[in-house]
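Undergrad: One structure coming up, written as structure tokens, with questions to follow.
The values are calculated or read from the model by the stated rules, or taken from the named source; none is laboratory data. In this text the structure is predicted, and so the values were computed from the model without any measurement. Cβ coordinates were reconstructed from backbone atoms using ideal geometry, including for glycine residues, and neighbour counts include every protein chain displayed. Remember, those area values only see protein heavy atoms, side chains included, never the ligands or the DNA or RNA. Shrake-Rupley method; radii C 1.70, N 1.55, O 1.52, S 1.80 Å.
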Amino acid sequence: MKKNLIQDSGFFILFLCMLTTLIFLGLIIYFISVRGLKVISWEFLTQGPRMGMTQGGIAPAILGTVYLTLGAVLFALPLGLACAIYLCEYSPKGFTVNLIKMGINNLAGVPSVVFGLFGLAVFVKFFGFGVSILSGSLTLGIVILPLIISASQEALLAVPQSIREASLSLGATKWATIKNIVLPTALPGILTGIILSIGRAAGETAPILFTAAAFYTRGYPRSIFSEVMALPYHIYALMTEGTHPDQQTAIAYGSSLILLFLVLLISAAAIFIRQRQKNIHG
Amino acid sequence: MDSKVKIKAEGVNFFYARSQALKDINLDIYENQVTAIIGPSGCGKSTFIRLLNRMNELLPHTNITGRISLDGRDIFEDSVDAVQIRKRVGMVFQKPNPFPKSIFENISYGIKVNGIKDKTFIEEKVEASLKKAALWQEVRDRLSDSALKLSGGQQQRLCIARCLAVESEVILFDEPCASLDPISTAKIEELITELKKDYTIVIVTHNMQQAARVSDYTAFFLMGELIEFGRTQDIFTAPKDKRTEDYITGRFG
């Protein structure tokens with residue numbers, strides 16, 4: 001009896017912890033929605049800001065965030081995946097590889113504002129890309145690179161050795177085995193990494209602060225060398241600058257809601273693809 | 001000894017890091033015969049057959065000395081490509097290991113990676129291989145289903161069919177029935193007997209009745225050494241070595 005009591009109370013505590021987490025998630029969505037929903041309208045989604053940020057919409061910021069996130073993933077995904085494949089499948093195991101892995105993990109721990117300064121020094125100034133979509137995407141790409149590498153590595157390591165052996169035993173080369181067996185099997189895990197990194201890239205403010213973001217642009221960006229507005233920075237600017245705090249706060253909440261929705265949308269798409277892959281590959 | 005030697009091991013030593021797993025193995029494997037390798041766990045029997053298709057070299061810190069030849073040619077020569085050896089010497093593993101793909105793709109994979117693209121040829125080959133592995137009747141209507149939905153016994157026959165599709169000359173079975181029920185085991189044994197018409201077969205097994213049932217020759221391994229090798233009949237009825245007799249009669253192992 002006593003054993004059961006201990007077990008039951010243990011389960012109850014675990015349940016409470018789970019519930020607390022859920023409550024916080026609910027609260028976030030509730031507050032952002034309550035405060036943000038009232039400014040949301042067709043105009044809010046499709047037009048630029050007017051009257052010193054107190055009216056109009058946030059369309060350029062939405063578009064800017066989409067561009068920056070897409071750019072970051074386009075840059076970091078091939079690089080990160082290739083790096084993970086090399087580390088898992090090709091590199092000789094030992095001291096050097098452990099050192100590289102440690103380096104990558106440390107990269108994940110670097111504060112994002114430091115990446116922002118790095119981006120300013122290297123992409124904006126040294127390469128001369130200026131404050132632009134390109135500089136911002138590359139900087140964000142470096143921020144999410146460790147995420148993509150470690151998620152891909154874990155997904156590759158989770159592929160059972162037995163099916164690699166099966167492929168090799170049929171006379172497949174190592175590369176054919178990786179391409180046809182290992183990568184497809186690891187794909188759901190890799191997609192999870194991409195989902196996480198998309199959320200991260202869309203929400204980061206510091207890395208784009210000096211490299212891409214503009215307080216206000218007239219119209220939409222013309223090329224990858226244009227400055228852009230972006231949702232996280234727009235929210236930051238609305239809350240810290242300007243002369244009409246009341247109206248601006250409402251717009252900031254509206255923008256947050258859109259940012260939240262955008263990340264959820266992209267995640268949902270990725271989860272959908274992952275699920276389909278899982279069904280096909282067992 | 002009547003038939004031709006397909007694989008010849010001469011003075012083979014094998015090391016994992018510093019520990020020696022195989023000691024001076026000399027063994028002939030005859031063409032179109034079933035050779036069983038028996039012995040207690042850890043005696044080196046799996047290690048030995050994984051040398052025959054150069055699978056062990058995937059592991060780090062291993063070392064081999066001596067010579068293994070396939071049709072008279074050393075398989076460890078520098079000019080020999082391990083991929084070519086594995087094409088000729090197929091393997092069925094201890095646990096069924098189908099790819100997480102459809103039944104059809106599992107079989108066609110080996111044909112495709114070996115450079116064949118002709119669709120009708122592949123389709124015919126898949127059907128023929130599944131028939132040979134006695135699985136066709138059970139899966140003909142669901143070739144596009146995931147192979148992981150099959151039962152353990154069916155998965156193992158699928159792995160055999162996959163191996164048959166690449167037209168190898170030798171098939172290595174590494175305890176193929178270890179995780180299967182008696183009925184599936186009986187089917188696989190029947191299959192092995194059927195396959196020896198076209199293939200040279202080496203089977204590692206823990207099950208002595210199985211060795212007695214399916215094999216023509218038996219090799220008894222103990223602690224990395226080959227203790228005795230001969231016709232299965234002789235090994236089981238009149239073993240020359242005391243240790244072989246003890247093992248076969250169940251006194252240890």
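Undergrad: Once phi is turned into ³J(HN,Hα) by the Karplus curve 6.51 cos²θ - 1.76 cosθ + 1.60 with θ = phi - 60°, what whole-Hz value does each residue of region A:113-127 show in order, with x for glycine and proline?
TA: Those phi angles translate into 5, 5, 4, x, 5, 4, x, 4, 5, 8, 6, 5, 8, 4, 7 Hz.
Undergrad: Starting from region B:69-165, pick out the trypsin sites (Lys or Arg not before Pro) whose DSSP state is loop and whose Cβ has at most 15 other Cβ atoms within 10 Å.
TA: Listed in order of number, the matching sites are B:LYS117, B:ARG140, B:ARG142.
Undergrad: OK, next. Quote the FRET efficiency, to the nearest 0.05, computed for A:LYS93 versus B:ARG73 with a Förster distance R0 of 30 Å and r equal to the Cβ-Cβ distance.
TA: The value I calculate is 0.40.
Undergrad: Shifting gears a bit: For region B:160-253, which chymotrypsin sites (Phe, Trp or Tyr not before Pro) are both in a DSSP coil and crowded by at most 11 other Cβ atoms within 10 Å?
TA: B:PHE252
Undergrad: Among A:VAL228, A:VAL113, what's the order by accessible area (1.4 angstrom probe), most exposed first?
TA: Order by accessible area, largest first: A:VAL113, A:VAL228.
Undergrad: Can you list the residues, at least 5 places off or on another chain, whose amide H is less than 5 Å from the amide H of B:MET91, using H built in the peptide plane?
TA: Close amide H contacts, sequence-distant or interchain: B:LEU172.
Undergrad: Could you tally the net charge around B:GLY153, taking each other residue with its Cβ under 14 Å from the Cβ of B:GLY153, Lys/Arg +1 and Asp/Glu -1?
TA: Result for the neighbourhood of B:GLY153: 0.
Undergrad: Right, next: Determine the relative contact order of chain A: mean sequence separation of Cα pairs under 8 Å and six or more apart, normalised by residue count, in whole percent.
TA: In percent, rounded to a whole number, it is 26.
Undergrad: If you plug each phi of region A:17-26 into the Karplus form 6.51 cos²θ - 1.76 cosθ + 1.60 with θ = phi - 60°, what whole-Hz ³J(HN,Hα) values come out, in order, with x for Gly and Pro?
TA: 4, 4, 4, 4, 4, 4, 4, 4, 4, x
Undergrad: Run the numbers on region B:105-135: which residues show a drop of 40 Å² or more in accessible area, chain on its own versus all protein chains together, using a 1.4 Å probe over heavy atoms?
TA: When all protein chains are present, B:TYR109, B:VAL113 each give up 40 Å² or more of accessible surface.
Undergrad: If you don't mind, another one. What are the residues whose amide H is under 5 Å from the amide H of B:ASN32, where those residues sit 5 or more places off or on another chain and H is modelled from the backbone?
TA: B:THR200, B:ILE201
Undergrad: Taking the solvent-accessible surface of protein heavy atoms with a 1.4 Å probe, what is the per residue accessible area of chain B in Å²?
TA: Heavy-atom accessible area per residue stands at 45 Å².
Undergrad: What FRET efficiency do you get for A:THR249 and A:THR173 if R0 is 60 Å and r is their Cβ-Cβ distance, rounded to the nearest 0.05?
TA: Between A:THR249 and A:THR173 the formula returns 0.50.
Undergrad: Looking at chain A as a GNM with Cα springs under 10 Å, which of A:PHE15, A:PHE261, A:PHE75 has the largest mean-square fluctuation?
TA: A:PHE15
Undergrad: Based solely on its DSSP helices, what 222 nm [θ] is calculated for chain B when runs of n ≥ 4 H residues each add -39,500 (n - 2.57) and the sum is averaged over all residues, nearest 500 deg cm²/dmol?
TA: That comes out to -10500 deg cm²/dmol.
Undergrad: So, one more: Can you list residues from other chains, or at least 5 along the same chain, whose modelled amide H is less than 5 Å from the amide H of A:GLN47?
TA: Sorted by chain and number, the residues that satisfy this are A:GLY57, A:ILE58, A:ALA59.
Undergrad: Sticking with this one: With label points built 7 Å along Cα→Cβ from the Cα atoms of A:ALA108 and A:LEU63, find their separation and express it in nm.
TA: In this crude label model, A:ALA108 to A:LEU63 measures out at 3.6 nm.
Undergrad: Turning to a different aspect of this structure: Go through B:LYS23/B:LYS196; B:LYS101/B:LYS149; B:LYS87/B:LYS125; B:LYS87/B:LYS131 and tell me which ones have a Cα-Cα distance over 19 Å in this structure.
TA: Beyond 19 Å: B:LYS23/B:LYS196; B:LYS87/B:LYS131.
Undergrad: Considering only DSSP beta bridges where both residues belong to chain B, give the percentage that are antiparallel (nearest 5).
TA: 60 percent
Undergrad: Still on this structure, I have one more. Taking θ = phi - 60°, what integer Hz values does the Karplus form 6.51 cos²θ - 1.76 cosθ + 1.60 yield along region B:39-49, in sequence order, with x for Gly and Pro?
TA: Running phi through 6.51 cos²θ - 1.76 cosθ + 1.60 with θ = phi - 60° gives x, x, 3, x, 8, x, 5, 5, 3, 5, 6 Hz.
Undergrad: If you don't mind, another one. Note down the net charge around B:ILE171, summing +1 for each Lys or Arg and -1 for each Asp or Glu among other residues with Cβ under 10 Å from its Cβ.
TA: The answer is -1.
Undergrad: So for region B:1-135, considering every pair of alpha-carbon atoms, how many percent are separated by more than 27 Å?
TA: 33 percent
Undergrad: More than 22 angstrom separation, counting every C-alpha pair in region A:37-281; what % is that?
TA: It works out to 59 percent of all Cα pairs.
Undergrad: Take the Cβ-Cβ distance between B:ASP145 and B:ASP198 as r, set R0 to 35 Å, and report the resulting FRET efficiency rounded to the nearest 0.05.
TA: 0.80
Undergrad: Could you work out how far the C-alpha centroid of region A:49-115 sits from that of region B:210-232, in angstrom?
TA: Region A:49-115 and region B:210-232 have Cα centres separated by 58 Å.
Undergrad: For region A:37-281, give the percent of accessible area contributed by carbon and sulfur heavy atoms, probe 1.4 Å, rounded to a whole number.
TA: In region A:37-281, the share of accessible area belonging to carbon and sulfur is 69 percent.
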